[in-house]
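The next block holds one structure in the form of structure tokens; read it before the comments.
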């Protein structure tokens, strides 16, 4: 049995840093298009339309990033065989 839940051999702390950086980049991906839209609105006086478009674009980018993060998490998780579920053992034992 492997005590380390991370299957790629990295330290759990390193795995945490990777997840933290992905979450921070998702925050920036939401804020930057909003800020760019606000700036464009202030330059061409179309307030609030470009800011709304920036918010929508940021939301779509973050949602696609969350889907990718969920796929990566599901792919790296340990798999349990259906016959082992009743006994409470996983295949890594």
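Bear in mind that the values in this text are calculations on the coordinates, not laboratory data. Bear in mind the structure is a predicted one, so any value in this text is a computation, not a measurement. Every residue, glycine as well, gets a Cβ built from its backbone with ideal geometry; the counts of neighbours run over all protein chains shown.
Kirkwood radius and radius of gyration were both taken over the C-alpha atoms of the stretch 27-74, and their ratio Rg/Rh is 1.17.
Entry note, the stretch 27-74: relative contact order of 40 percent, from Cα contacts under 8 Å with a spacing of 6+ residues. Remark: spin-label model distance residue 24-residue 46 equals 3.3 nm, labels positioned 7 Å along the Cα→Cβ axis. Once the Cα-Cα distance is subtracted from the 0.36 nm per residue extended length, the residue 10 to residue 67 segment shows a gain of 18.2 nm.
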